[in-house]
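Everything below concerns the one structure shown next.
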Amino acid sequence: MKARVFVTLKNGVLDPQGKAIGHALNGLGFASVGDVRQGKVIDLELAESDAGNAKVALKEMCEKLLANTVIEKYEIELKS
Amino acid sequence: MKSAVIVFPAANCDRDAATALEQMTGKKTQMVWHQDSELPDVDLVVLPGGFSYGDYLRCGAMASQSKIMGAIKQHAEKGGAVLAVCNGFQIATEAGLLPGALMRNAGLKFVCKPVALKVEETQSAFTRKYNQGQTVTFPVAHGEGNYYADDATLDRLEGEGRVMFRYQNNPNGSARDIAGILSEKRNVLGMMPHPERVVDPLTGGIDGRAMFQGLIETLS
């Protein structure tokens, strides 16, 4: 089973990189660009066929390592 | 005072820390590899600066899962002193030894320069030899030193006298100008500036000496 984990900064946590990207896009003439937030995508392959078990394991991975829940939130997507 | 410095792959201040400790204590410092599972019998453990594991995933995230961290947590729980500098501070927050997190500098640039700090609290082994309100100059060298914690945590740190150092001119966007904080038991100090780089006039100053003197007096 394959999984994709999205890790992004929590709302309210300042994202200076996102801000710089936004400014750069504005500078390129994309005037419609407002707030920009940057995050990470992590693709994993799991030796697991049960979606429920995979989700439990992935949640634990996020809490323990993949995200720092002081500043980040995460979303898990399973692909069969 | 017996001390140990933890050696992580891609740390680069481990030997600076050992040199400072040996100069101040006159005793050999033990270098402990991150894959060891036990600490030698020491009073102080230093988590040094650097770029452990190439800052992969997040600064300090990989190192915080190292085998040696279990022993360091036990040492800290028993009241043992831990000095966590720069990348060491990042590792300590990732490991849960200290609250909050260190984020990308607000100015997005790596900042490498001496900075003036105000000593906020002297009630600790680390700061007892300083005067409250004293200005000291320590170097900083980091790209991710922007201290973040939610307001409740920041209020608590301030209320409990656990903000030990503040920047006089905030170089990285840290919340409430915080440069260094103490654990609840007052035995783990995390800070971005480098006290170990200012114990010898040869390297630009001696403002860091008082920290080691305080530790030696308390822990010997």
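No value in this document is a laboratory result; all are computed from the given coordinates. In this text, all values refer to a predicted model and were calculated from it rather than measured experimentally. Here Cβ is always computed from backbone atoms with ideal geometry, including for glycine, and neighbour counts include all displayed protein chains.
Counting only residues that are closer than 11 Å to B:Gly180 by Cα and within 14 Å of chain A (Cβ to nearest Cβ), how many does the stretch B:154-168 have?
Summing the residues that are closer than 11 Å to B:Gly180 by Cα and within 14 Å of chain A (Cβ to nearest Cβ) in the stretch B:154-168 gives 1.
For the stretch B:187-206, give me each residue that is under 15 Å from the mean Cα position of the chain (by Cα) and not hydrophobic (A, V, I, L, M, F, W, C).
B:Asn187, B:Gly190, B:Pro193, B:His194, B:Pro195, B:Glu196, B:Arg197 - these are the residues of the stretch B:187-206 that are under 15 Å from the mean Cα position of the chain (by Cα) and not hydrophobic (A, V, I, L, M, F, W, C).
Which of the residues spanning the stretch A:22-80 are of a type in the set (A, V, I, L, M), within 12 Å of chain B (Cβ to nearest Cβ) and exposed (fewer than 15 other Cβ atoms within 10 Å of the Cβ)?
Within the stretch A:22-80, just A:Ala24 meets the criteria.
Hey, can you tell me all the residues within the stretch B:85-97 that are out of contact with any Ser or Thr (no Cβ under 6 Å at 6 or more places or on another chain), surrounded by 23 or more Cβ atoms within 10 Å (Cβ to Cβ) and within 11 Å of chain A (Cβ to nearest Cβ)?
B:Gln90, B:Thr93
Taking the conditions exactly as written (assigned to a helix (DSSP H, G or I) and crowded, with 19+ Cβ neighbours inside 10 Å), does B:Leu202 satisfy them or not?
Here the answer is no, as B:Leu202 does not meet what is asked.
Look through the stretch B:103-150, keep the residues that are among the polar types (S, T, N, Q) and out of contact with any Lys or Arg (no Cβ under 8 Å at 6 or more places or on another chain), and return whichever of them is nearest to A:Gly39 (Cα to Cα).
Step by step, filter the stretch B:103-150, then rank; the result is B:Asn105.
Determine which single condition A:Val70 fails, assuming it passes every other condition in (1) within 26 Å of B:Ala61 (Cα to Cα); (2) in contact (Cβ under 8 Å) with a residue 12 or more places away in the chain; (3) in contact with a strand residue (DSSP E or B) (Cβ under 6 Å, 6 or more places away or on another chain); (4) of a type outside the set (Lys, Arg).
The single condition A:Val70 does not satisfy is (2).
Among the residues of the stretch B:48-57, are any touching a strand residue (DSSP E or B) at 6+ places or on another chain (Cβ under 9 Å) and either more than 28 Å from A:Glu63 (Cβ to Cβ) or free of Cβ contacts under 8 Å to residues at least 40 places away in the same chain (or both)?
Looking through the stretch B:48-57, at least one residue is touching a strand residue (DSSP E or B) at 6+ places or on another chain (Cβ under 9 Å) and either more than 28 Å from A:Glu63 (Cβ to Cβ) or free of Cβ contacts under 8 Å to residues at least 40 places away in the same chain (or both).
Filter the stretch B:148-166 for residues that are closer than 16 Å to A:Gly12 by Cβ and touching a residue at least 12 places away in the same chain (Cβ under 8 Å) and give the result.
Selection gives B:Tyr148, B:Ala149, B:Thr153, B:Leu154.
Within the stretch A:50-60, does at least one residue satisfy the condition of being in contact with a Gly (Cβ under 8 Å, 6 or more places away or on another chain) and under 24 Å from B:Tyr56 (Cβ atoms)?
No; the residues of the stretch A:50-60 include none that is in contact with a Gly (Cβ under 8 Å, 6 or more places away or on another chain) and under 24 Å from B:Tyr56 (Cβ atoms).
Of all residues in the stretch B:114-139, count the ones that are on the phi < 0 side of the Ramachandran plot and without any contact (Cβ under 8 Å) to a residue 40 or more places away in the chain.
5
Consider B:Gly79 against the criteria (1) in contact with a Lys or Arg (Cβ under 8 Å, 6 or more places away or on another chain); (2) more than 14 Å from every other protein chain (Cβ to nearest Cβ); (3) under 30 Å from A:Val41 (Cα atoms); (4) not hydroxyl-bearing (Ser, Thr, Tyr): it satisfies all of them except one. Which criterion is unmet?
The single condition B:Gly79 does not satisfy is (3).
Spot the failing condition for B:Asp151; the list is (1) surrounded by 14 or more Cβ atoms within 10 Å (Cβ to Cβ); (2) within 13 Å of another protein chain (Cβ to nearest Cβ); (3) acidic (Asp, Glu), and only one is missed.
(1)
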